[in-house]
1. Taking the Cα centre of the chain as origin and charging only Cβ (+1 Lys, Arg; -1 Asp, Glu), how large is the dipole, in debye to the nearest 20?
2. If the chain between Lys268 and His246 were fully stretched, how many nm would it gain, using 0.36 nm times the residue separation less the Cα-Cα distance?
3. Specify the residue with the greatest mean-square fluctuation among Asn242, Asn153, Asn189, computed from a Gaussian network of the chain linking alpha-carbon atoms under 10 Å apart.
4. Report, in whole Å, the centroid distance computed from the Cα atoms of segment 255-301 and segment 98-113.
5. Within 10 Å of each residue's Cβ, count the other Cβ atoms and sort Arg278, Arg101 from fewest upward.
6. Given charges of +1 on the Cβ of Lys and Arg and -1 on the Cβ of Asp and Glu, with all other atoms neutral, how large is the dipole of segment 52-174 about its Cα centre, in debye to the nearest 20?
7. Hand me the trypsin sites (Lys or Arg not before Pro) from segment 80-158 located in a DSSP loop with no more than 11 other Cβ atoms within 10 Å, in residue order please.
8. Asn189 to Val218: FRET efficiency via 1/(1 + (r/R0)^6), r the Cβ-Cβ distance, R0 25 Å, to the nearest 0.05?
Amino acid sequence: MAYAQDGNTIRDSLKWAITILKKSEIEFPEIDADTLLIYVLSCDRTRLYTNQDNIIDEADICKYKKLIYKRASHVPLQYITGCVEFMSLDFTVDERVLIPRPETEILVETILDKAQGNILPDKCVIIMEIGTGSGNIAVSLAKNLSNAEIYTNDISQEALLVAETNVQRHDIADKVHLLHGNFFGVFNNSVEKEHVDFIVSNPPYVSESEWNELEPEVREHEPRQALVGGEDGLHFYRRIINDAAHWLRPGGFLVIEIGETQANAVSKLIEDEEHYERTERIKDLQGKERIISARRRSENK
């Protein structure tokens with residue numbers, strides 16, 4: 001296919017790219033087209049749009065074409081650029097890890113709010129995370145809580161390599177401890193039971209049937225084991241809710257992200273456990289209940 005009939009200016013390149021992406025039914029073709037050109041040219045958006053008549057050299061044209069065709073085949077934009085912003089921080093991502101979503105920022109913000117209101121300023125905040133992926137939650141908490149000690153795990157050794165990159169990138173290796181393993185057993189040699197202030201998780205919560213309906217960007221490129229939570233999507237919640245009570249201190253918090261239709265089911269799992277109180281449901285910007293928090297009872301009632 002010819003590159004563009006009108007020339008190799010920034011304007012022509014964007015016009016061509018948007019046409020290609022629209023034909024492939026990419027959701028936001030204009031945004032993706034200029035994001036990828038900014039990435040190729042190593043410039044900012046202002047420079048891009050104030051210099052639209054500038055000619056792009058042949059090497060950059062070839063690189064841009066390859067990236068646009070890659071996006072047109074529904075490879076996620078974040079995997080192409082290798083970067084995503086989360087909590088105003090840049091994170092390295094690739095197909096070894098789930099792409100951090102904006103709604104997960106509410107999970108981090110919930111913990112920050114509760115730490116401010118329930119933890120003494122000079123006390124070390126002990127946080128455990130189940131399933132770190134890229135490390136975006138743990139790193140964001142470490143950057144925003146000066147007195148935090150964070151222990152986090154993942155069953156995927158490949159994911160932990162990405163998380164390690166992000167821990168080093170943000171210079172918080174002294175505060176974030178990455179462990180290889182599943183669920184809580186891996187923490188036995190690192191954390192004392194009933195001494196944890198927060199247990200946080202954004203576990204796999206897509207059901208088997210929902211998996212088949214996901215858009216190709218997710219189904220064909222993001223790691224399945226980071227998304228699917230069993231037949232009904234609740235497998236990981238059952239285990240986390242049950243085991244977290246043994247690790248949280250009295251008054252400590254369990255804070256978890258949920259799927260947009262799972263609030264009632266997950267709330268019931270928490271209530272049935274009887275170790276928790278003060279269950280809260282927190283909505284995202286679209287008004288969907290996305291975060292559930294519950295406090296460990298001081299004593300069984």
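Computed from the coordinates by the stated procedures, all read-outs in this text should not be read as laboratory data. The structure presented is a predicted model; accordingly, all values stated were derived computationally and were not measured. Note: ideal-geometry Cβ built from the backbone for every residue, glycine included; neighbour counts use all protein chains shown.
1. On the way: 34 positive and 52 negative charges, 46 e Å.
Computed about the Cα centre, the dipole is about 220 debye.
2. Working: separation 22, 0.36 × 22 = 7.92 nm, distance 1.88 nm.
Gain in length upon complete extension: 6.0 nm.
3. The residue with the greatest mean-square fluctuation here is Asn189.
4. 15
5. Working: Arg278 11, Arg101 16.
With the fewest neighbours first, Arg278, Arg101 line up as Arg278, Arg101.
6. Numbers: 11 positive and 20 negative charges, 62 e Å.
For segment 52-174, the charge dipole is close to 300 debye.
7. When the trypsin sites (Lys or Arg not before Pro) of segment 80-158 are filtered for loop state and at most 11 Cβ neighbours within 10 Å, Lys123 remain.
8. My answer for the efficiency is 0.10.
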